[in-house]
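The values are calculated or read from the model by the stated rules, or taken from the named source; none is laboratory data. In this text, all values refer to a predicted model and were calculated from it rather than measured experimentally. Because the Cβ atoms are built from the backbone with ideal geometry, glycine has one as well, and the counts that use them run over all protein chains shown. The accessibility values were calculated without ligands, DNA or RNA, using every heavy atom of the protein model including side chains. Shrake-Rupley method; radii C 1.70, N 1.55, O 1.52, S 1.80 Å.
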Amino acid sequence: PEKYDFRGNMKYPIIFLLLFSWLTVAAEIVARVGEYAITSEQVESELSDFEGDYDLPLPELHKLALHKLIEEQLLLIYAKEKGISVSRNEVESYFMSVLGNDPKLMTNGRFDYAKFRELKKTPEVKKIMQEMKKDILINKTRSLIEESFQLTDEKLMERFILENAKVD
C-alpha cells in the first residue's frame, strides 16, 4: 500500500481537521430523550418547517421546534414500549392519499398501482415512505393517548357520585 507523507503538505490535514470541527459544531447535541440525541441541525431543520406559520421571535421559534422534536421522540418511545405499530398498508394508503395525483403515478388520468410499485423501490420514495411511517406512528400514538383521557358524561357522573357520596 502506498503511503502519503503529509509533512511536505500540511494543507490537507488542516482542511480535514477544520471540516471535522465544523461538522461537529454543526451537529451539536442540544437535548437527549432516552438514548436519542437531538442535534442543533435537527432543530434548524424543524425550524424551517415553521417558516411563516408563527409570528414569534427566533428564540421562541427555536424553543418551539425543540419541544416538538422532544414530544415526537417521547411518543416514539411510548409507541415502542406499548407495541404500537404502523402497517405497510397504512403507509401506502397515506402515500396514495397525499401523492396519488402525481403525474408520475398516473396512466390515462387514473392512479397506476404498477407505477407506484416501481416508484416505491427508489431511494427517494423509500425515504418519503419511512418519514410518512414515522409521522403516522406519532399521530396514531398521540391519538391513542388523547383518547385514553377522554371521559364520557356517564363516567364523569359516576366518578362524581363515588367521590361525593356519603354513607351514614
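Selection of the stretch 53-81 for residues being without any contact (Cβ under 8 Å) to a residue 40 or more places away in the chain, under 18 Å from the mean Cα position of the chain (by Cα) and open to solvent by 60 Å² or more (accessible area, probe 1.4 Å) yields 63, 64, 67, 68, 71, 80, 81.
Among the conditions (1) buried (at least 16 other Cβ atoms within 10 Å of the Cβ); (2) more than 17 Å from the chain's Cα centre (by Cα), residue 93 misses just one, which is (1). Within the stretch 129-168, restricting attention to residues that are charged (D, E, K, R) and in a loop (DSSP other than H, G, I, E, B), which residue is nearest to residue 116 (Cα to Cα)? Top of the filtered list is 166.
In the stretch 38-60, the qualifying residues are those that are among the hydrophobic types (A, V, I, L, M, F, W, C) and over 18 Å from residue 28 (Cβ atoms), and the one that is modelled with the lowest pLDDT is 50.
Out of the residues in the stretch 111-157 that are in contact with a helix residue (DSSP H, G or I) (Cβ under 8 Å, 6 or more places away or on another chain) and aromatic (Phe, Trp, Tyr), which is surrounded by the most Cβ atoms within 10 Å (Cβ to Cβ)? Among them, the one singled out is 116.
Filtering 121, 115, 126 for residues that are without any contact (Cβ under 8 Å) to a residue 40 or more places away in the chain, outside any helix (DSSP H, G or I) and either on the phi < 0 side of the Ramachandran plot or not basic (Lys, Arg) (or both) leaves a single hit, 121.
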